[in-house]
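Student: A single structure is presented below for examination.
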Amino acid sequence: MTEITLSASPPSPEAIDSAWRRVQLARHPQRPRTLDLAALIFDDFAEMHGDRSFRDDPAIVGGPALLDGRPVMLIGHQKGKDTESNIVRNFGSPHPEGFRKAQRLMRLADKLGIPLITFLDTAGAFPGPAAEERGQAEAIASSIKLMTGLQVPIVVVIVGEGGSGGALAIGVGDEVLALENATYSVISPEGCAAILWRAPEAAPTAAAAMRMTAADQLELGIVDAIIPEPGEGAHADHGAAAREIKQAVLASLGRITRLETEAMLTTRYARLRGIGLVREAQAPSQAGLQEPSLRRRIGRLLRLPGIPRRPRWSEIWPSGDDGTDNSEEGA
Amino acid sequence: MPIKFPFSRRREVTSDAWTKCPTCESQIFNRQLERNLRVCPTCGHHFRMGIGERIELLLDEHSFVERDAGLESGDPLGFHDQKPYVDRLEAARVKTGLREAAVWGIGSIDGQRVAIGLFDFRFMGGSMGSVVGEKLARCFEAALVERIPAIVVSASGGARMQEGTLSLLQLAKTTAPLGRLDAAGIPFISVLTDPTTGGVLASFASLGDVILAEPKALIGFAGARVASGTVGEELPEGFQSAESLLEHGFVDAIVPRAELRTTLSRLLRLLPAAPAEDGWQAGADTRAWGPIGVLSGFAERLGTAVSETIGIEVEKPPTDDTAGPRERVREDER
């Protein structure tokens with residue numbers, strides 16, 4: 001990452017205004033949802049249900065699809081269109097079973113070797129007691145871990161709100177794309193305002209301070225490319241938005257599939273390992289701080305060992321043929 | 001304002017020498033609290049512990065060597081709420097004497113070497129920003145390179161808001177190495193202490209091969225404030241306690257602090273790293289492994305300063321012939 005440290009100052013009124021407008025657009029009730037886009041982008045899409053363990057979570061949808069005639073796996077958050085469908089969809093906030101359904105579909109994609117495409121659009125994972133009881137944190141963590149090792153290309157598209165861990169749980173990819181008016185944040189602006197400003201009405205200020213717009217995320221290196229939206233925004237023309245997304249996803253898959261699987265996984269790992277601003281003080285005596293060079297960062301990753309081959313079991317548990325050790329055990 | 005006499009120590013004594021237990025409300029003499037591993041002698045309430053005390057509790061004497069002590073946070077967003085982020089960092093450094101909310105290093109428990117990471121909740125709520133994530137990732141990578149078990153003792157409110165999505169992505173950064181530990185057969189033990197919530201629980205802390213928790217520790221995905229704010233209902237008492245997680249199957253055991261060291265020692269004996277074939281050595285040249293080799297050659301052309309950051313000895317690559325090391329390893333394989 002390049003030097004992106006800014007001088008800290010409260011966000012300007014213009015910045016607050018512009019950030020908050022984007023947040024409103026990302027949350028627009030008419031914004032295209034995963035199932036809208038699935039119908040517009042793919043030749044075929046068969047939705048699968050259930051996590052094979054507890055129940056089906058309607059806040060996450062997914063299943064195999066055909067993209068330009070080729071099979072892919074699609075997984076996305078699903079918000080509702082009106083109050084009634086939003087209650088069914090839990091406003092797009094998944095419970096643990098939603099993430100476990102996603103994991104099940106990811107494993108299927110991995111097994112069949114078909115690329116994974118995910119659409120992010122959630123305010124966050126649901127924080128209620130039922131979700132806690134069924135291991136919300138574990139579901140998110142294991143989902144993230146699974147994605148870091150999937151041996152198929154992963155393209156992530158942030159189509160609306162990228163809300164914290166609930167978004168990242170299906171948001172680890174080889175490339176992360178974002179619609180122009182999408183947002184991505186570590187906590188909702190309301191939550192951030194409540195904690196750091198102790199005033200929920202400071203949400204617009206928090207939105208600007210967290211730099212959560214797609215453009216900001218591109219600058220921070222979290223997002224690789226921005227997908228332009230038609231006219232006023234994606235809500236105005238679903239068809240045009242879908243065409244843009246399709247084009248961007250195909251281009252992205254084209255770039256990723258140029259790599260062999262091992263190189264793809266190494267690059268995915270390196271991408272994650274490189275995220276964040278870390279400064280390394282040279283020595284306690286020297287006050288000067290220095291960011292480790294890119295060279296050093298790449299080098300560090302490449303020095304990791306590969307996977308050792310395990311010895312044969314017969315070496316670990318010698319069979320009793322030589323009749324020595326296991327005589328005491330009896331028959 | 002009352003006039004303070006330097007000689008009148010009575011006020012000082014009452015505030016500094018005693019601690020009130022939040023559970024049973026008994027007054028505990030501080031020295032007694034320290035002697036009792038910061039556990040209330042009356043009711044067994046586990047007070048939070050600093051990193052230094054935790055190292056003394058868990059590791060063999062003088063065995064701990066800190067790694068990457070010089071890593072410091074920057075201010076990537078230029079974040080400013082009521083106070084600039086840099087000021088909050090500075091205040092936390094002064095308050096705790098630490099550079100960041102986590103420390104990692106190599107130590108041993110009853111002679112068994114481990115790579116261990118520890119959190120201090122007093123440093124900005126133990127929150128995980130770029131540096132904390134980097135330290136833990138390096139801790140796991142060191143465990144991988146040296147083929148020794150990894151242990152992390154968590155105490156954290158979650159991802160650090162002041163670094164925005166860079167903090168969020170630390171969840172993935174710290175989780176990615178765990179897949180490699182799985183493939184290499186290296187165990188990871190996660191110890192959850194009061195409190196472990198948010199992004200830390202939603203990443204590596206939930207993914208231990210063994211997960212231990214301290215009694216009554218607050219452990220949950222969403223802080224109680226966030227949860228009740230969003231859900232708008234009263235939350236059942238204790239639904240985010242270690243005991244509740246044990247009941248629901250997300251924790252292997254609740255271990256009182258006095259037994260934590262012996263429990264870890266036992267587990268390390270019971271769950272050793274998988275044996276690796278003879279030809280494989282800790283820190284051995286890795287370029288035999290698929291396309292990494294190709295990229296590594298590329299890194300060598302860029303330069304040689306690549307080995308010191310995880311603090312292990314790595315052979316210096318040849319200066320002119322980048323294909324050399326790969327050839328050598330291939331010969332080993334035959």
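Each value in this text was obtained by applying a stated rule to the coordinates, not by laboratory testing. Here the structure is a predicted model, which is why all the values come from computation and not from measurement. Backbone-built Cβ (ideal geometry, glycine too); neighbour counts: all protein chains shown.
Student: Taking every residue in B:173-186, how many Cβ atoms of other protein chains lie within 10 Å of its Cβ, on average?
Tutor: Counting other chains' Cβ atoms within 10 Å and averaging over B:173-186 gives 6.
Student: Now a separate question. Let me confirm one metric for peptide A:206-218, namely the mean number of other chain beta-carbon atoms within 10 Å of its residues' beta-carbons. Provide the component values of the computation, followed by the final result.
Tutor: Numbers: counts 2, 0, 0, 9, 9, 7, 3, 0, 0, 0, 3, 3, 0.
That works out to 3 on average.
Student: OK, next. Give the separation of the Cα centroids, segment B:246-266 to segment B:78-131, in Å.
Tutor: 24 Å
Student: Something else: I'd like the Karplus ³J(HN,Hα) series for segment B:216-222: coefficients 6.51, -1.76, 1.60, θ = phi - 60°, whole numbers in Hz, and an x wherever there's a Gly or Pro.
Tutor: Residue by residue, segment B:216-222 yields 6, 4, 7, 9, x, 6, 9 Hz.
Student: Okay, next question. Compute the FRET efficiency between A:A236 and A:A215 as 1/(1 + (r/R0)^6), taking r as their Cβ-Cβ distance and R0 = 22 Å, and round to the nearest 0.05.
Tutor: With a Förster radius of 22 Å, E is 0.65.
Student: List the residues, sorted by chain then number, that are 5 or more residues from A:G50 or on another chain and whose placed amide H is less than 5 Å from its amide H.
Tutor: Answer set, sorted by chain and number: A:D57.
Student: For A:H95, B:H248, B:H46, what's the fewest-to-most ordering of other Cβ within 10 Å of each Cβ? Mind dumping the intermediate values first?
Tutor: Details: A:H95 24, B:H248 14, B:H46 19.
Exposure proxy ranking, most exposed first: B:H248, B:H46, A:H95.
Student: Would you tell me the mean number of C-beta atoms belonging to other protein chains that fall within 10 Å of each C-beta in B:239-246, as a whole number?
Tutor: The per-residue average across the peptide is 2.
Student: Before anything else, pin down the relative contact order of segment A:200-285: Cα pairs under 8 Å, at least 6 apart, normalised by residue count, whole percent.
Tutor: Working: 26 pairs, mean separation 13.7, N = 86.
About 16 percent, as a whole number.
Student: Which residues' amide hydrogens lie under 5 Å from the amide hydrogen of B:M128, considering only partners 5 or more residues apart or on another chain, with H built in the peptide plane?
Tutor: Distant-sequence amide H within range of B:M128: B:G158, B:A159, B:R160.
Student: Provide the gained length on full extension for the span B:E243 to B:Q112, in nm with one decimal, where the gain is 0.36 nm per separating residue minus the Cα-Cα distance.
Tutor: 44.2 nm
Student: Also: Quote the Stokes-Einstein diffusion coefficient, in whole µm² s⁻¹, for segment A:159-249, based on the Kirkwood radius over alpha carbon pairs, a temperature of 25 °C and a viscosity of 0.890 mPa s.
Tutor: Translational diffusion coefficient: 177 µm²/s.
Student: Could you check the simple spin-label distance between B:C24 and A:D17, using points 7 Å along Cα→Cβ, in nm with one decimal?
Tutor: If labels sit at B:C24 and A:D17, their model points lie 6.2 nm apart.
Student: Using Cβ contacts closer than 10 Å as the measure, can you line up B:C139, A:C192, B:C24 from fewest to most?
Tutor: Listing B:C139, A:C192, B:C24 from fewest to most nearby Cβ atoms yields B:C24, A:C192, B:C139.
Student: Taking the number of other C-beta atoms within 10 Å as the exposure measure, put A:K111, A:K145, A:K81, B:K216 in order starting with the fewest.
Tutor: Placing the least packed residue first, the sequence is A:K111, A:K81, B:K216, A:K145.
Student: FRET efficiency for B:A258 and B:V94, Cβ-Cβ distance as r, R0 = 25 Å, nearest 0.05?
Tutor: 0.20
Student: Residue by residue through segment A:68-82, which ³J(HN,Hα) values in whole Hz follow from phi under the Karplus form 6.51 cos²θ - 1.76 cosθ + 1.60 (θ = phi - 60°), with glycine and proline marked x?
Tutor: 3J(HN,Hα) across segment A:68-82, in whole Hz: 6, x, 10, x, 9, 10, 10, 9, x, 6, 10, 8, x, 9, 9.
Student: Take the cross-link list B:K173/B:K216; A:K79/A:K246; A:K145/B:K83; A:K246/B:K135 and give me the ones stretching past 27 Å between alpha-carbons.
Tutor: B:K173/B:K216; A:K145/B:K83; A:K246/B:K135
Student: Separate question: Stick to the Cα atoms of segment B:29-163, pair each with every other, and give me the Kirkwood hydrodynamic radius in Å at one decimal.
Tutor: Evaluated over segment B:29-163, this radius sits at 15.9 Å.
Student: Name all residues of segment B:243-269 having a backbone nitrogen under 14 Å from the label point set 7 Å from the Cα of A:W317 along its Cα→Cβ direction, giving them as ranges.
Tutor: none
Student: Under the classification rounded if a/c is under 1.5, otherwise prolate if a/b is larger than b/c and oblate if not, where does segment A:13-258 fall, given a ≥ b ≥ c as square roots of the Cα gyration tensor eigenvalues? Before the final figure, lay out the partial values.
Tutor: Numbers: a/c = 1.57, a/b = 1.20, b/c = 1.30.
It comes out oblate by the Cα gyration axes.
Student: How big is the gap, in Å, between the Cα center of segment A:107-132 and the Cα center of segment A:18-47?
Tutor: 16 Å
Student: If you project the alpha carbons of segment B:48-270 onto their three principal axes, what span does each projection cover, largest first, in Å?
Tutor: Each principal axis gives a Cα extent; for segment B:48-270 these are 48, 42, 33 Å.
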